[in-house]
Amino acid sequence: MKITDQKNKKFGSVDLSGLFISEYLPGLGGNALKIYLTLIYYAKHEIKSDEQAIANVLGIDVSYVNAGLIELESKGLISREGSEIFLPDLIEKHVRDNYTPRTVPRTEASDDPSHVDRTHLLRAISDRFFGGQMSQTWYNDIVLWADTYGFCDEVVFMIFQQNKDKPYNRPYMKKVMESFGERGIRTVEQMNDWTQKREVYMKVRSKVASNLKISPLTVYQEKYIEKWFYEYGYGFDVIDLALREAAGMNKPSFNLYDTILTNWHELGLENAAAVKAHIAERRKNASSGQAGQGGNGSGGQGVSSGARDPKQGSGQGRRTKPGGDFQQRDYDSGFYDNIYGDGQ
């Protein structure tokens, strides 16, 4: 006698592991998620299908199904052999991937101060940013980042705190950790110094964008501003002088602003006062040169004692002082326009 329990599959249920929600769901694409749930349903009710049939059911192109299956396989949610698809037990897989037999007695491990501190850090991050439900892969990654870049535990927590408004995913946080590691930030003091400087930079960045009426700034434009602020040490007062200098030139651009600021940096002009003095001196020299060329009563052909030789061109020659030292090269108002105006 064979007894069969007749139930409509549509009103049945399938098991979805909590491990899937905490470990895999945040990093899974929309199509891959729909395909995975469909595979669980088919496996539960022993329904045979293929890629085209799944595509028809989900209302998507078969190419998206193939891409979704590749994504699921790359994350270890399925395995394939020929035309067969296998759904591994996620709990068994998790234990196999993340736990190894204990080789140190529990009492020795718990007496290690660094072990105790790291445990507190991981628990604090889990409770504060993941509602106490942080997955094991996050635990492993956080320990790896801290050890790789030499962060103290407080710095790791501060990095999570600074990114609390961003969606937490491991690839993004990995890039953030790398950026802090490249800056050489290891201690709380270094982090506080960087945070304060970052706040100043954000104000400079906002003022530059506002003055140029650019919203939002592109990644490449921000790279320029970071260069002027972090590398050259220029605040908005100096940057604003460069923007004003370029305002009357041909096709002002970030490349032109960078040319002006780089020139000032190479001249050793460290602040707005030094830059203003340089600009005033340049304009004074340009003005005296123009007066000398046109005021000698010979139709403008003579050269006064303080003027540049016209054969040398604007800003190209260097006059010498009585002692034989070179005097700072002068640039007239058309220098940047002539040299950098085309094609910018």
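Nothing in this text is a laboratory measurement; each read-out follows from the coordinates by a stated rule. Computed from a predicted structure; not experimentally measured. When we count neighbours, we look across all protein chains shown, and the Cβ atoms used for this are built from the backbone with ideal geometry, even at glycine.
Within 13 Å, Cβ to Cβ, of H265, how many net charges do the neighbouring residues add up to if Lys/Arg are +1 and Asp/Glu are -1? Numbers along the way, then the final one.
Values: positive: K227; negative: E231, D258, E266, E270.
Spelling it out: positives minus negatives among the neighbours equals -3.
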> So what J values fall out for the range 75-86 if you push phi through Karplus, 6.51 cos²θ - 1.76 cosθ + 1.60 with θ = phi - 60°, rounded to Hz, Gly and Pro as x?
Replying inline: 8, x, 7, 9, 9, 10, 9, x, 8, 8, 10, 10
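Sorting check: for 129-136, 26-33, which peptide has the highest mean count of neighbouring beta carbons within 10 Å, and how do the rest follow? Before the final figure, lay out the partial values.
Values: 129-136: 14.0, 26-33: 16.0.
Per-residue Cβ counts within 10 Å, averaged per peptide and sorted highest first, yield 26-33, 129-136.
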>> I'd like the distance between the alpha-carbon centres of the range 197-239 and the range 161-191, rounded to an integer number of Å.
In response: 21 Å
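Of K93/K175; K203/K284; K166/K227; K175/K227, which sit over 29 Å apart, Cα to Cα? If you can, show how the numbers build up before the last one.
Numbers: K93/K175 27 Å; K203/K284 34 Å; K166/K227 25 Å; K175/K227 20 Å.
Check vs 29 Å cut-off fails for K203/K284.
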> For the peptides 198-207, 64-73, what is the packing order when you average, over each peptide's residues, the other Cβ atoms within 10 Å and list the highest mean first?
Replying inline: 64-73, 198-207
